[in-house]
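Laboratory data are not the source of any read-out in this text; all were calculated from the coordinates shown. Keep in mind that this is a model prediction, so the values were computed, not measured. In this analysis, Cβ positions are derived from the backbone assuming ideal geometry, glycine residues included, and neighbour counts consider all displayed protein chains.
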Amino acid sequence: MSKKNRTKNRAQSILDFVLIFGILLTFIIGLTRIWVWFNANYAKRNVDYQNTRLAAGQANNSHLSSLSYSDDVLNLDDNWVFKGQTSESVGTPPQAGYSAIDALSGSGNSGTAAVCSSGQSAATALRTEADNMDGEADNLDDFLSWAGSDALEWLFELIGVDIDGMEDARDSLWCNACYIREKAAAIETAACGSSSVATPSPTCCSRDYCSGQSCCTSSTSTSN
Amino acid sequence: MKANLHLMNKNGQAAAELAILGVLIITAFSYIMNFGQSLGVQQQTRMESFRRALQKAYIRNASVSNTLKKTVSAASVNAGFFQGQGLLAESSNSVTWQKGKPGDQGSLRQSSFAFWRIDDTDVSATNDTDDAMTGDLTAYGLPLNYQWTYSGDGSKSDYQMLIPASVYKDNATRTETYAFEGNKLESDSSSNPSITYDKTASLNDSSSGTIYTHFNTATDEDPGDDNPVTPSYEEAASVSYNASTTYTYPSAAGNWTVPHDTGNN
């Protein structure tokens with residue numbers, strides 16, 4: 001073989017080498033980027049799942065129509081494969097203390113659909129009771145509005161009517177009615193995630209007529 | 001002459017090397033794609049299955065077992081290049097989420113439920129009804145059967161409880177129908193001569209079959225001891241299902257037009 005032919009063969013081999021490795025390299029880079037896309041999706045799916053974990057575990061009527069999680073893959077486009085540019089973020093994983101968790105609206109912490117119905121029934125019964133107590137208290141208040149005047153109070157006390165005791169009873173009824181409404185709202189919220197009737201505002205125990213009442217001095221009293 | 005022949009052989013060898021290597025690379029590429037897709041679908045199915053179990057447990061206020069099957073297509077050298085290879089991902093999860101007595105409010109007989117789902121199709125055929133069951137009975141999952149239950153101290157339940165059937169056989173048929181259509185339309189319009197290409201592809205992925213269920217009617221009257229109870233199965237209803245998904249490419253009408261210069265301008 002002449003020297004010229006040997007040189008041609010060598011050049012041919014180098015060309016082949018460059019060509020094949022060029023193709024291989026390009027192919028492997030593209031393949032690696034697609035592989036990264038699979039991995040990124042794996043991570044994103046996990047982040048989405050973790051971020052909705054608490055929401056999915058809450059008693060909430062959205063369960064009837066939603067899983068609070070759906071597969072939402074990253075967009076694999078030309079920029080991702082050919083330029084190595086990601087199309088979007090995989091998201092933020094839950095932070096310490098789960099401060100990053102994006103929970104669904106509603107704050108129910110226990111219960112089921114059945115419990116929600118039961119909670120609403122209980123709350124309605126309590127509110128009816130509170131209405132009756134308010135009615136009694138209002139009647140007493142009407143009576144006290146004229147019987148408790150300075151002109152007549154001495155007269156009623158003379159015949160043994162305890163005006164101060166009646167005022168205490170009125171305040172107690174108002175306060176306990178308010179407290180029962182708070183409890184009803186709390187029960188409904190715990191069972192269903194929210195209350196159909198707003199919690200009394202301002203809170204019962206901050207009201208004048210609740211000053212010194214047992215429901216507000218007891219260690220088990222609650223208010224929202 | 002001899003030298004030229006030698007050089008041509010070298011050229012042929014390079015082409016052969018490229019062809020062999022190319023096939024190996026494409027095969028490797030296919031397996032990696034297939035593996036990546038399988039892994040993703042498995043992960044997604046596991047997650048969705050658990051969430052569905054959670055959802056069902058919340059709605060039914062009981063212990064539920066949920067099985068989810070997903071049929072998808074994945075890139076593969078073992079199947080048509082465009083059509084892809086059918087993949088089946090499956091996951092089962094059990095969740096207990098109940099307050100008070102299990103089941104609907106007021107129910108004394110509901111205890112646990114089982115659900116099957118193929119893609120977006122629920123496989124349901126509840127054939128036993130309880131007084132407290134309301135609405136669509138298929139929302140209660142697989143067939144239920146009345147059975148006495150015993151607590152740890154051997155005391156018998158006050159009522160016969162509804163126990164879900166278990167699936168012991170699934171005869172499934174999966175059919176993938178692929179259609180491709182390519183049109184080339186030549187326009188000899190004098191103002192805008194062009195060639196338009198229009199290509200559409202569709203894949204209909206259908207899964208149909210029958211699941212066979214049975215009840216274990218054996219009861220353990222003394223759960224406190226360690227003696228195993230021999231299962232005693234009783235046939236329950238077989239339930240047919242039919243799930244179908246159609247993928248179309250492009251999703252909207254897709255065509256591209258190449259301006260065609262006739263040389264008359």
Under unit Cβ charges (Lys, Arg +1; Asp, Glu -1), what dipole magnitude, rounded to 20 debye, does the protein assembly as shown have relative to its Cα centre? 4940
Using a Förster radius of 35 Å, what is the FRET efficiency between A:Ile14 and B:Ile26 based on their Cβ-Cβ separation? Nearest 0.05, please. 0.90
If r is the Cβ-Cβ distance from A:Thr128 to A:Leu54 and R0 is 30 Å, what FRET efficiency results, to the nearest 0.05? 0.30
Give me the angle, in degrees from 0 to 90, between the Cα long axis of helix B:2-60 and the longest principal axis of the Cα atoms of chain B, rounded to the nearest 10. 30
Farthest positive-ward along the protein assembly as shown dipole, Cα basis, beta-carbon charges - from B:Asn183, B:Ser111, A:Phe21: A:Phe21
Below 13 angstrom from the Cβ of B:Gly106, what's the summed charge of the other residues (Lys, Arg +1; Asp, Glu -1)? -1
With label points built 7 Å along Cα→Cβ from the Cα atoms of A:Ser194 and A:Asp150, find their separation and express it in nm. 5.2
Charged-residue dipole, Cβ positions (Lys, Arg, Asp, Glu), chain B about Cα centre, Debye nearest 20: 1000
Can you tell me the order of A:129-138, B:70-79 when each peptide is scored by its average per-residue count of other Cβ atoms within 10 angstrom, highest first? B:70-79, A:129-138
Tell me, what is the Rg over Rh of the range A:113-217, with Rh the Kirkwood radius over Cα pairs? 1.13
Could you check the spin-label model distance between A:Val161 and A:Asp78? Points 7 Å from the Cα along Cα→Cβ, value in nm. 9.3
Where only alpha carbons of chain B are counted, the Rg and the Dmax (Å): 29.3, 102
Any chance you could check the Cα centroid distance between the range B:60-134 and the range A:12-31 for me, in angstrom? 50
Along the charge dipole of the protein assembly as shown, pointing to its positive end and built from +1/-1 on Cβ of Lys, Arg, Asp and Glu, which listed residue (B:Thr129, B:Met33, B:Tyr159) has its Cα farthest out? B:Met33
Got a sec? Charge dipole of the range A:113-217, +1 on Cβ for Lys and Arg, -1 for Asp and Glu; which of A:Phe143, A:Gly193, A:Cys175 is way out at the positive end? A:Gly193
In whole Å, largest first, what are the principal axis extents of the Cα atoms in the range B:1-145? 99, 24, 19
Over 22 Å between alpha carbons, listed pairs A:Lys183/B:Lys101; B:Lys69/B:Lys169; A:Lys44/B:Lys70; B:Lys101/B:Lys169; B:Lys56/B:Lys99; B:Lys70/B:Lys101: A:Lys183/B:Lys101; B:Lys101/B:Lys169; B:Lys70/B:Lys101
Each label point is 7 Å from the Cα along the Cα-to-Cβ direction; what then is the distance between the points at B:Tyr212 and A:Phe27, in nm? 4.8
Hey, how many Å between the Cα centroid of the range A:139-209 and the Cα centroid of the range B:136-161? 49
